[in-house]
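S.K.: Input: one structure, supplied below.
The values are calculated or read from the model by the stated rules, or taken from the named source; none is laboratory data. Given the structure is predicted, the values throughout are model-derived calculations rather than measurements. Note: accessible area is taken over every heavy atom of the protein model, side chains too, but ligands, DNA and RNA are not part of it. Shrake-Rupley method; radii C 1.70, N 1.55, O 1.52, S 1.80 Å.
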Amino acid sequence: MLNENFRDTETLRQLVEKYVPDAKPNRHYGRELSYVLPRHQVSAFPDLFSHLERFVNSGEANEMGFTSYGVSM
């Protein structure tokens, strides 16, 4: 996830863990905050990404301090 200043990292962590309880914070460096999402919970990824997409499109993400997200393997 890319951010301006991540005003609310705790809420973001709770959001990720709501959908993927075993998600682990990976790093917070500069403008990037990343999580490792375990493969055994892959069925929960679509709901998490849908929620993040709604946040980005509604502008609520800006209130939390992040502007986009991405996925890589």
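S.K.: Please arrange 56, 16 by accessible surface area, largest first, computed with a 1.4 Å probe and ligands excluded.
M.R.: Ranked from most to least accessible, the order is 56, 16.
S.K.: Rounded to the nearest 10 Å², what accessible area does residue 49 show when all protein chains are kept and the probe is 1.4 Å?
M.R.: 50
S.K.: Using protein chains only and a probe of 1.4 angstrom, how many square angstrom of residue 18 are accessible, to the nearest 10?
M.R.: 140
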